[in-house]
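S.K.: Sending over a structure as structure tokens; questions will come in a sec.
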Amino acid sequence: MPTSPDVTPLHPSPLLHAIGLVKVFHASGGREVRAVDGVGFSIGTGEVLGIVGESGSGKSTIARMVLRLIEPSAGRIMFAGQDITALGDEAMRRLRGDMQIVFQNPHSALNGRRTIGEAIAEPLRVQTIARGAALHARVDRLLDLVSLPRAFRHRYPHELSGGQKQRVCIARALALEPRFLVLDEPTSALDVSVQAQILDVLGELRRELSLTYLFISHNLAVVRTLCDRVLVMSQGRVVEEGPVAAVFANPSQAYTRTLLDSVPRLPRI
Amino acid sequence: MNALLAIEDYHLAIPTFDGPAQVLNGIDLALDAGETLGIVGESGCGKTVLARTILGIGPGRAACTGGRILFEGRDVAAFSERDWRGIRGVKISMIFQDPMTYLNPLFTIGRQLGDAIAAHARAQGAPRPGRAERRTRAAELLAQVALREPQRALDSYPHQLSGGMRQRVLIALALSGKPRLLIADEPTTALDVTVQAQVLRLLRDLVDRLRLTVVMISHDVGAIAALTERIAVMYAGNVVEEGPTTRVLARPLHPYTRGLLAALPAIDGEIRRLAGVPGTIPSLIDPPTGCRFHPRCSRATAICAAERPAMRRADPAHSVACHHADLS
Ligand SMILES: Nc1ncnc2c1ncn2[C@@H]1O[C@H](COP(=O)(O)OP(=O)(O)OP(=O)(O)O)[C@@H](O)[C@H]1O
Ligand SMILES: Nc1ncnc2c1ncn2[C@@H]1O[C@H](COP(=O)(O)OP(=O)(O)O)[C@@H](O)[C@H]1O
Ligand code: SF4
Ligand SMILES: [Mg+2]
Ligand SMILES: [Mg+2]
């Protein structure tokens with residue numbers, strides 16, 4: 001069994017391996033915020049790792065470091081066996097297609113003046129991967145993947161519901177056929193009924209495309225429906241880690257217990 | 001006996017560019033003093049419009065196209081602006097989903113609570129309370145909503161407080177006039193789960209201690225079940241099922257209610273695929289005929305598209321509007 005999650009990959013060949021990640025922000029008044037304070041984990045190919053924790057515990061900061069959207073203050077990130085911590089812009093750009101992110105708020109993630117088709121095609125066009133009829137066909141296939149009607153390509157974001165917009169964001173993230181997807185609270189801004197639909201789509205895609213996810217949420221019940229393993233975060237540190245079933249059935253930390261007890265549930269009848 | 005609040009066959013249309021949207025389509029609800037009612041339904045089904053209409057702050061160009069709303073036996077449509085001043089924030093208070101929108105960023109919490117306390121005194125014809133008294137009473141209100149360090153909070157500006165603290169301040173503001181009715185529109189939706197649980201516990205506690213009459217609105221059945229004795233399920237401008245919370249949860253009769261329950265991920269028990277409700281809420285400008293739920297309903301038959309199902313009773317307290325509900 002692993003003694004320290006900082007150094008021991010749980011998987012023989014993890015797709016992603018984060019080692020001793022630290023992020024210090026310099027807030028106003030010269031104050032230092034240690035948003036992430038020595039976090040390590042690994043995600044096996046095809047695995048879904050959940051990160052839970054209350055607001056401000058450092059979840060999104062980890063997500064952004066892992067994708068190199070912000071620079072870690074310390075620590076290393078290995079992706080598919082390659083150390084990407086110090087990778088230059090050009091090499092990182094090529095890697096972008098392999099790792100994508102979906103954010104919490106689908107309303108602000110889409111440009112209101114672009115059609116859905118244009119939004120989904122954008123990464124393909126930027127990386128000049130497809131054009132013309134081939135591009136059109138790729139967009140159709142992506143709409144199919146997230147169960148949106150193909151006719152939606154002509155619509156604008158304001159004509160779509162929140163759940164539909166989030167499907168578009170997922171389709172766009174899948175455009176470059178990534179192996180690894182970071183989902184940062186993809187359902188927190190949505191209704192419970194729409195959340196169920198999105199979780200279902202994510203489960204299907206994972207099976208169909210053998211995707212690997214890092215799934216962030218503050219709701220443990222949501223994590224439980226999708227994830228294999230879970231990290232519980234508090235104040236920038238990992239307080240508990242393990243297979244979802246084990247952690248939920250028998251949490252070793254009082255903090256995890258609090259998170260579990262917080263999930264609204266129906267009274268036993 | 002007169003209900004505190006009675007909504008009778010209420011219809012509301014909102015003009016839009018593409019024609020009028022039939023946003024409320026014959027709502028019937030009644031609430032006695034001391035009762036707690038939850039209204040649950042997907043976003044866009046008309047919950048907020050209903051809540052705001054009760055308070056006379058509905059969408060500007062909206063028109064009532066039938067029915068009425070009675071508060072303390074009086075038709076709210078007949079209230080003058082002066083009448084409303086004695087009602088809004090006094091007899092009926094509301095808390096909203098996004099506390100930031102309803103707190104003034106430029107004034108301290110103490111100042112905003114103090115102003116509310118002074119306004120209530122004025123409304124009751126009492127002399128204006130002095131500075132020290134306003135501060136004491138503001139601190140009491142914050143203590144009532146279990147805000148830690150109330151003195152520090154009084155001197156803080158809204159942005160210096162966390163989301164959970166701001167929601168507590170808003171609840172304190174809502175309670176400052178000792179309202180007869182509290183309407184809470186998605187009071188916990190914007191909060192993270194731990195804070196959500198704390199705010200729900202606080203509301204539960206206030207209901208018990210102050211015997212508040214509450215209408216709580218949410219898209220999350222779990223949150224509603226934590227607080228209210230009765231539940232009304234809304235779909236596309238209609239109440240489709242209503243009854244005691246325990247009974248509706250134990251024996252949901254409407255296919256939509258079942259879908260909402262199946263969408264809720266569970267923290268224990270078998271991990272199952274979340275069924276949820278397929279599809280999305282329809283346009284209210286050109287709503288489906290008959291039962292508005294029929295395009296998404298797996299049990300729909302020809303009659304569902306042809307005739308609007310009437311509310312029928314399964315037992316004296318539990319009713320449902322569905323042609324195929326099993327009432328036996
Ligand atoms: N750019 C920044 N500058 C200063 N502090 C920051 C910055 N970004 C994040 N922080 C701080 O880092 C900590 C962790 O933030 P993070 O966004 O990772 O939390 P989170 O777990 O994703 O929370 P939530 O559930 O609310 O999304 C917080 O204290 C936050 O205020
Ligand atoms: N000011 C407005 N003008 C036009 N349509 C509105 C307005 N406010 C709400 N609506 C429409 O009324 C319907 C119900 O909205 P709302 O009550 O906010 O839903 P809920 O609170 O259940 O999410 C929606 O179709 C919405 O688009
Ligand atoms: S009336 Fe028909 S369409 Fe409506 S809920 Fe019942 S079975 Fe479904
Ligand atoms: Mg975050
Ligand atoms: Mg609303």
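S.K.: Return the average number of partner chain Cβ atoms within 10 angstrom of each residue Cβ along peptide A:209-221.
M.R.: Across the residues of A:209-221, the mean count of other-chain Cβ atoms within 10 Å is 2.
S.K.: Here's something else I'd like to know. Averaged over peptide B:273-281, how many Cβ atoms belonging to another chain are found within 10 Å of each residue's Cβ?
M.R.: Mean shielding by partner chains, rounded to a whole number: 6.
S.K.: DSSP beta bridges in the protein assembly as shown, what fraction antiparallel, as a percent rounded to 5? Can you show the working numbers first?
M.R.: Details: 53 of 90 bridges.
Antiparallel bridges make up about 60 percent of those DSSP assigns within the protein assembly as shown.
S.K.: Okay, next question. Among the GluC sites (Glu not before Pro) within the range B:241-328, which fall in a DSSP loop and have no more than 12 other Cβ atoms within 10 Å of their own Cβ?
M.R.: B:GLU270, B:GLU307
S.K.: In peptide A:254-265, what is the residue-averaged number of other protein chain Cβ atoms found within 10 Å of each Cβ?
M.R.: Whole-number average of other-chain Cβ neighbours for A:254-265 is 5.
S.K.: Amide H neighbours of B:ILE95 under 5 Å, counting only residues 5+ apart in sequence or on other chains, H built in-plane at 1.01 Å?
M.R.: Here B:ILE183, B:ALA184, B:ASP185 satisfy the definition.
S.K.: Compute the semi-axes of the equivalent ellipsoid of the range B:1-143, taking the square root of 5 times each eigenvalue of the Cα gyration tensor, and list them largest first in whole Å.
M.R.: On the way: eigenvalues 204, 69, 44 Å².
Those come to 32, 19, 15 Å.
S.K.: With the cut-off at 44 Å, report for the protein assembly as shown the share of all Cα pairs above it, as a whole percent.
M.R.: Roughly 24 percent, rounded to a whole number.
S.K.: Right, here's the next one. Taking 2.2 N^0.38 Å as the expected size of a compact globular protein, what ratio does the Cα radius of gyration of chain B give against it, to two decimals?
M.R.: So chain B has a normalised radius of gyration of 1.04.
S.K.: Right, here's the next one. Which cross-chain or sequence-distant (5 or more) residues have an amide H under 5 Å from the amide H of B:LEU24, H modelled 1.01 Å from N in plane?
M.R.: It is B:LEU12, by chain and number.
S.K.: Please report, in whole Å, how far the alpha carbons of the range A:16-262 spread along each principal axis, starting with the longest.
M.R.: On the principal axes, the range A:16-262 reaches 53, 42, 39 Å in Cα extent.
S.K.: Where does the protein assembly as shown land at 222 nm, in deg cm²/dmol rounded to the nearest 500, when only DSSP H runs of n ≥ 4 count, each adding -39500 (n - 2.57), divided by all residues?
M.R.: Result for the protein assembly as shown, helices only: -10000 deg cm²/dmol.
S.K.: Among DSSP beta bridges lying fully in chain B, give the percent that are antiparallel, nearest 5.
M.R.: Antiparallel bridges: around 60 percent, rounded to the nearest 5.
S.K.: Sticking with this structure for a sec: Which trypsin sites (Lys or Arg not before Pro) does the range B:189-244 hold that lie in a coil by DSSP with at most 16 other beta carbons within 10 Å?
M.R.: B:ARG211
S.K.: Same structure again: Antiparallel versus total DSSP beta bridges in chain A: what percent is that, nearest 5?
M.R.: DSSP beta bridges in chain A are roughly 55 percent antiparallel.
S.K.: What list of ³J(HN,Hα) values in whole Hz, one per residue of the range B:85-101 in order, does the Karplus curve 6.51 cos²θ - 1.76 cosθ + 1.60 (θ = phi - 60°) give from phi, with Gly and Pro shown as x?
M.R.: Each residue of the range B:85-101 in turn: 4, x, 10, 5, x, 10, 8, 10, 10, 10, 10, 10, 4, 10, x, 4, 5 Hz.
S.K.: In chain A, once you exclude exposed trypsin sites (Lys or Arg not before Pro) (DSSP loop, at most 14 other Cβ within 10 angstrom), what's the longest stretch remaining?
M.R.: Result, exposed sites excluded: A:132-267.
Throughout, read-outs are computed from the coordinates displayed, never taken from laboratory work. If you're wondering where the values come from, they're calculated on a predicted model, not measured in any experiment. Glycine gets a Cβ as well: all are built from the backbone with ideal geometry, and neighbour counts include every protein chain shown.
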